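What follows is calculated from the coordinates using simple rules that are stated; it is not laboratory data. Just so you know, these numbers come straight off a predicted model, no measurement behind them. Cβ coordinates were reconstructed from backbone atoms using ideal geometry, including for glycine residues, and neighbour counts include every protein chain displayed.
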Amino acid sequence: MQGDGCMDGYLSKKNIVIGVRQSLQALIDGNVIKLYYAMDAERHIIEEALSLARQKNISIVEVETMMQLGSFCDIKVKAAIAAEIM
């Protein structure tokens with residue numbers, strides 16, 4: 001996988017979208033800087049977004065768990081995928 005593999009602190013809520021639908025739409029619109037996904041997420045749910053990010057040469061960062069990704073996004077629930085946007 002591409003990316004730096006780690007995240008410091010929290011992502012700014014104004015610069016992220018959380019979830020598969022929002023992340024896919026941001027990818028389609030060309031607004032994604034970096035894509036984050038949880039390694040324990042169901043692969044078939046996130047694969048389309050990961051594939052599109054690879055096609056567009058967008059940096060992809062693996063996060064160990066959905067709970068950890070949710071925490072990085074400063075939400076109190078799990079997240080399978082999130083996108084840092086412009």
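Below, the figures for the structure above:
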quantity	calculated
In nm, spacing of pseudo-spin labels at ASP74 and GLN22 (7 Å Cα→C-beta vector)	1.3
Added length on full extension, which subtracts the Cα-Cα distance from 0.36 nm per residue, MET86 to SER59	8.4 nm
Filter on LYS56/LYS78; LYS56/LYS76; LYS14/LYS76 - keep pairs with C-alpha separation over 21 Å	LYS56/LYS78; LYS56/LYS76
Spacing of the two label points (7 Å from each Cα toward its C-beta) at ASN31 and GLU47, in nm	2.7
